[in-house]
1. Looking at segment 28-64, which of its residues are within 30 Å of Lys283 (Cα to Cα) and surrounded by fewer than 18 Cβ atoms within 10 Å (Cβ to Cβ)?
2. Among the listed residues Ser397, Ser405, identify the single one that is assigned to a helix (DSSP H, G or I) and within 16 Å of the ligand (Cβ to nearest atom).
3. Check segment 17-27 and report whether any residue there is at pLDDT 95 or above, within 8 Å of the ligand (Cβ to nearest atom) and surrounded by 24 or more Cβ atoms within 10 Å (Cβ to Cβ).
4. For segment 383-394, check the following and say yes or no: at least one residue is under 25 Å from the mean Cα position of the chain (by Cα) and either surrounded by fewer than 20 Cβ atoms within 10 Å (Cβ to Cβ) or charged (D, E, K, R) (or both).
5. Within segment 343-354, identify whether any single residue is more than 23 Å from the chain's Cα centre (by Cα), among the aliphatic types (A, V, I, L, M) and surrounded by fewer than 20 Cβ atoms within 10 Å (Cβ to Cβ), and answer yes or no.
6. It is to be established whether one or more residues within segment 263-270 are assigned to a helix (DSSP H, G or I), in the same structural domain as Ala37 (by TED's automatic domain parsing) and surrounded by fewer than 16 Cβ atoms within 10 Å (Cβ to Cβ).
7. Out of segment 358-399, which residues are without any contact (Cβ under 8 Å) to a residue 60 or more places away in the chain and more than 29 Å from Arg292 (Cα to Cα)?
8. Quick check: is even one residue across segment 223-235 of a type in the set (S, T, N, Q), over 22 Å from Asp99 (Cα atoms) and either modelled with pLDDT of 95 or more or part of a helix (DSSP H, G or I) (or both)?
Amino acid sequence: MEFDAVVIGGGLAGLSCAVSLAEQGHRTAVVSAGQSALYFSSGSLDLLSSLPDGTPVASPPEALAALARQAPRHPYSLLGAREVMARADEAQALLARCDIALTGSSGQNHQRITPLGTRRATWLSPGDVPITPWDGALPWQKVAVIGIEGFLDFEASIVAASLMAEQGIHADTACLRLPALDRLRASPSEFRAVNIARVLDLPENIPALAAELARLAGDAQCLILPACVGLDSAQPLEQLRALLDRPVYLLPTLPPSLLGIRLFQALRRRLNRLGGVFMPGDKVLKARFAGRRIVSLSTRNHADIPVRARQVVLASGSFFSNGLTATRERIYEPVFGLDVQGGEARDTWSRADFFAPQPYLQFGVETDDRLRALLGGEPLENLYAIGAVLGGYDPLSQGCGAGVSLVSALHAAGRIAVTLEKDHEPTL
Ligand SMILES: Cc1cc2nc3c(=O)[nH]c(=O)nc-3n(C[C@H](O)[C@H](O)[C@H](O)COP(=O)(O)OP(=O)(O)OC[C@H]3O[C@@H](n4cnc5c(N)ncnc54)[C@H](O)[C@@H]3O)c2cc1C
């Protein structure tokens, strides 16, 4: 199997890099071992919400100089402010081409309403999620927060209490009971957001759902539901809004997250349409080198058929996705044995205060300032590292997880495209 580029990992970083390469006409494959962080994500994409010293960030471009001073090894600091902002805007356009409807802009963060009813700064949010301007409020005086009977991954009363306390609006709560859900509810472990959506999204169930929601919502100006509607298309929600004649918004639930899965599906669909190859359930195990160049990859399912590529992208995620491995003694990157920043002394990996920023979240692969992965202190010629496998940043406390994934992915895709166009040598 021969490709211009092979991407290891099919999460937000790997898929967006692959889509960009395929859009530019390069034969691209993605090998992806398992579910990515998108299955667990809020669906909102963070660019930069907070500096390492805790200062909240309203405008990411205005904060990048301070970030470079406080965190010189942060991927944004390596790439430089101009490149970061150009790639962030390019990412927004790429997501739009994937038919992903997102609200927000790279110049100014907004606040999304969280599953706890509180507000959290972010860059882009699905159009179905309630948001406020950076320092503004929700536009309604009275909302109805409606949970689903037996669904444990969303608590309407917590949301309503926070909305009333933080935003001073009136929030009623109610619980949806729909006979169509009775069979599914009988098995509590199956009564999860995605399975519920598969039932509620059926066209024959929408009228009954709308009638029950109308009864529960009373005269509320807006309905807020757990994200259990509209898995494969926007149509069920649009229909509900039309039947109820008022806004209906969704809040993320515990995983599996419908809002994150929709992002994954849209990116994968776009890659398929562009002729890219997606190899789900396969895992890259090791590589063959010629000097400092990767020649081919072996995967679990294709042990006898090497996957050859001119350019390789490592988008294997952090500990969560097994892109990094921790033993009691050390942290390592399992496919290539790349240089990893952090993890030298075991007692510095974590802090006792559970809510403090945790050092291990900043561990990851070392790169040069073009994101070429380092091995033995030197960059490999044709291996880029992108997304959560990178070190030097904390996606949680700095609110920059999706931003680093998208910006690094499109930076790598841009550099690879330039190299491939110059490179007419046959693959070894
Ligand atoms: C639980 C959770 C929730 C998050 N929620 C948000 C959020 O709401 N908003 C936000 O901005 N950020 C969020 N983040 C931050 C998140 O890290 C990034 O937003 C981003 O999704 C990471 O994407 P990625 O592609 O780099 O890595 P991942 O999403 O981790 O994907 C890596 C992929 O590589 C595969 N893989 C690993 N090793 C191999 C191998 N050897 N061969 C083949 N495939 C391999 C894995 O199976 C996985 O599919 C969240 C992170 C986590 C862990």
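The values are calculated or read from the model by the stated rules, or taken from the named source; none is laboratory data. Predicted model only: the values in this text are computed from it and were never measured. Heads up, the Cβs are rebuilt from the backbone with ideal geometry, glycines too, and the neighbour counts pull from every protein chain shown. The protein model used for the area step is the full one, side chains on, heavy atoms only, and it has no ligands, DNA or RNA in it. Shrake-Rupley method; radii C 1.70, N 1.55, O 1.52, S 1.80 Å.
1. Gly34, Gln35, Tyr39, Phe40
2. Ser405
3. There is no residue in segment 17-27 that is at pLDDT 95 or above, within 8 Å of the ligand (Cβ to nearest atom) and surrounded by 24 or more Cβ atoms within 10 Å (Cβ to Cβ).
4. Checked against the condition, which is being under 25 Å from the mean Cα position of the chain (by Cα) and either surrounded by fewer than 20 Cβ atoms within 10 Å (Cβ to Cβ) or charged (D, E, K, R) (or both), segment 383-394 yields at least one hit.
5. Yes, segment 343-354 has at least one match.
6. Within segment 263-270, one or more residues are assigned to a helix (DSSP H, G or I), in the same structural domain as Ala37 (by TED's automatic domain parsing) and surrounded by fewer than 16 Cβ atoms within 10 Å (Cβ to Cβ).
7. Result: Gln358, Pro359, Leu396.
8. No, every residue in segment 223-235 fails to be of a type in the set (S, T, N, Q), over 22 Å from Asp99 (Cα atoms) and either modelled with pLDDT of 95 or more or part of a helix (DSSP H, G or I) (or both).
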